[in-house]
Amino acid sequence: MRRRDLLFTAGALGLSLLLPGRAPHAARARDRRFFLDIIVPGGLDQTMLFDARPLAMTQAGLVHNPLGEEPAPWQGTNGTASLTASPAAPLHPLRDRFSVVNGILMSTSFDGHDQNTNVLLTGSPFGGPSLHTELNADAPAPLDYIRFGTVFAQLQDARAVELTPPGLRRLVQGVGELSAVAPAVERYLSAQTDALGDPSQRFGAGVLALRDGTASAQALQAQLASIQLAGDDGDPLGAQLSVLREVFRLGIARGAMFAIVTGNELQFDTHAAPEAVTQAPRYLDLCERLARVFRFLAATPYDDTRSLLDVVTVMVSSEFGRTMRQAGAPIDGTGTDHNPLANSVLLGGAGIRSGLVVGATDFQTAGEELSGAHLALDPARVKVMGRPFDFATGAARGDRPATFVATDYLHIASVVNTLYAAFGVDRSAWRTVERNGPPAPAIAGLLA
């Protein structure tokens, strides 16, 4: 191995020395739960997926429909239904693997990509620690999560690394070279700990932390040495799934942030009319990729009795939805803009009841009377908005509030808190909808 590669490997493994320590936890491997966070950047148009609109609304000049076809009913096992567009067809055979959550409110004050991605991941439009840090708190792994691809957010996560399959391969290959060095470092630190490791003294506490970090680094080194990677063979998604399997199987990280599309590979930020009217193949490609991920998780063993899908909770999300059209543009030649008033998320896997449809949006018909709350936030009438939500029944409400009250709606904070409930995160860490308000309620019906 070249000196440069050895230094790369040593530096990567040395992350464990720099990352904040966690209190030890006695959770057994069989009790582990993992989180796969699939982010589709750009802002997904819900009318192209699981919150479609009838053709009559296009004929009335209200919503673009590049498909030119009537959407089909998508019936949840909980009795709630929505309309689904044809690009979602690859996911139809897997509808028992996930639930659809519609009508999610992201923000009423910010409509930028970065701000709403921050709201999704951190709870603040300005960024901070991500939800992954809370999900890993009770059963620490060497890393909270790994990230495939860049994410348009300001994350303050120390225990995370952005990883590519080639980068992980270099780590695995470098472990053998580093093994000759690590024992000597450990012996030295152990000797110094005996002499200087007084936790009541600042220097002594530092020595103890360094000793513990070295032990963690060696544990991570041993885990990396046992990774088995498949060749990518020109298949980037397959290579990423291979890495994901090994990272979860070995307990290297409890989560993964998965940018399933990168750069301009599939463009969903369709302000320009030519992109909006030709986007159907992109949504079909996306759904084929998502179907492949769910099939992989279901078919890949985690241990002798369970698949990865039995131990991995999955969320598929984007930063916001999109407008039905652009004001003043012809309905057959319009782009779409950002819409944080309504979003859709897929939740599935471990701890989640699948096959449900939860939540709903308004503006379902051309003649629908919109609420005063909607019109105050969308006077141009180009957006759909989540309906008020009854958390006691787990269903959308039928009333039309005259004024907007944030706690009347299904907010992204409740989606995140549902994940927190599934992972046993203490309520003191749950997100709120309003500053200094109570924790947003979890969606109880989604919890298995």
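Per-residue answers, yes or no, for (1) surrounded by 20 or more Cβ atoms within 10 Å (Cβ to Cβ); (2) over 16 Å from the mean Cα position of the chain (by Cα):
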{"site": "69", "(1), (2)": "no, yes"}
{"site": "74", "(1), (2)": "yes, yes"}
{"site": "87", "(1), (2)": "yes, yes"}
{"site": "98", "(1), (2)": "yes, no"}
{"site": "112", "(1), (2)": "no, yes"}
{"site": "115", "(1), (2)": "yes, no"}
{"site": "120", "(1), (2)": "yes, no"}
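Scanning region 269-299 for residues that are under 17 Å from the mean Cα position of the chain (by Cα) and either surrounded by fewer than 15 Cβ atoms within 10 Å (Cβ to Cβ) or aromatic (Phe, Trp, Tyr) (or both) yields one hit, 294.
Per-residue answers, yes or no, for (1) of a type in the set (Ser, Thr, Tyr); (2) touching an Asp or Glu at 6+ places or on another chain (Cβ under 6 Å); (3) free of Cβ contacts under 8 Å to residues at least 24 places away in the same chain; (4) over 17 Å from residue 322 (Cα atoms):
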residue	(1), (2), (3), (4)
351	no, no, no, yes
354	yes, yes, no, yes
358	no, no, no, yes
369	no, no, no, yes
383	no, no, no, no
395	no, no, no, yes
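Cβ-Cβ distances below 7 Å connect the following pairs, each with a first residue in region 288-308 that is under 12 Å from residue 38 (Cβ atoms), a second residue that is basic (Lys, Arg) and at pLDDT 95 or above, and a separation of six or more residues or different chains: 294/97. Scanning region 330-360 for residues that are among the small types (Gly, Ala, Ser), within 24 Å of residue 64 (Cα to Cα) and out of contact with any helix residue (DSSP H, G or I) (no Cβ under 7 Å at 6 or more places or on another chain), we see that the one that is surrounded by the most Cβ atoms within 10 Å (Cβ to Cβ) is 359.
With modelled with pLDDT under 95 and not acidic (Asp, Glu) as the only criterion, which of 279, 326 stands out?
Being modelled with pLDDT under 95 and not acidic (Asp, Glu) holds for just one of 279, 326, which is 279.
Among the conditions (1) under 19 Å from residue 100 (Cβ atoms); (2) without any contact (Cβ under 8 Å) to a residue 60 or more places away in the chain; (3) over 25 Å from the mean Cα position of the chain (by Cα), residue 363 misses just one, which is (2).
Restricting region 408-424 to residues that are modelled with pLDDT of 95 or more, within 19 Å of residue 352 (Cα to Cα) and not in a helix (DSSP H, G or I), the residue that is nearest to the chain's Cα centre (by Cα) is 411. Please indicate, with yes or no, whether at least one residue in region 246-268 is of a type in the set (A, V, I, L, M, F, W, C), free of Cβ contacts under 8 Å to residues at least 40 places away in the same chain, farther than 24 Å from residue 319 by Cα and not in a helix (DSSP H, G or I). Among the residues of region 246-268, at least one is of a type in the set (A, V, I, L, M, F, W, C), free of Cβ contacts under 8 Å to residues at least 40 places away in the same chain, farther than 24 Å from residue 319 by Cα and not in a helix (DSSP H, G or I), which makes the answer yes. Checking the stated criteria, residue 438 turns out to be in contact with a Ser or Thr (Cβ under 9 Å, 6 or more places away or on another chain) and surrounded by fewer than 16 Cβ atoms within 10 Å (Cβ to Cβ). Residue 346: in contact with a strand residue (DSSP E or B) (Cβ under 6 Å, 6 or more places away or on another chain) and not acidic (Asp, Glu), yes or no? Here the answer is yes, as residue 346 does meet what is asked.
Consider region 283-339. How many of its residues are of a type in the set (Phe, Trp, Tyr), assigned to a loop (DSSP other than H, G, I, E, B) and farther than 28 Å from residue 118 by Cα? Before you say what the answer is, go through the steps one by one.
Residues of region 283-339 of a type in the set (Phe, Trp, Tyr): 283, 294, 296, 302, 320.
Next, only the ones that are assigned to a loop (DSSP other than H, G, I, E, B) stay: 302, 320.
Narrowing further to those that are farther than 28 Å from residue 118 by Cα: 302.
Matching residues across region 283-339 total 1.
Apart from one condition, residue 363 fits all of (1) surrounded by 20 or more Cβ atoms within 10 Å (Cβ to Cβ); (2) in contact with a Pro (Cβ under 9 Å, 6 or more places away or on another chain); (3) part of a loop (DSSP other than H, G, I, E, B); the exception is (2).
The values are calculated or read from the model by the stated rules, or taken from the named source; none is laboratory data. All values reported here derive from a predicted model rather than from experimental measurement. We place every Cβ from the backbone using ideal geometry, glycine too, and count neighbours over all the protein chains shown.
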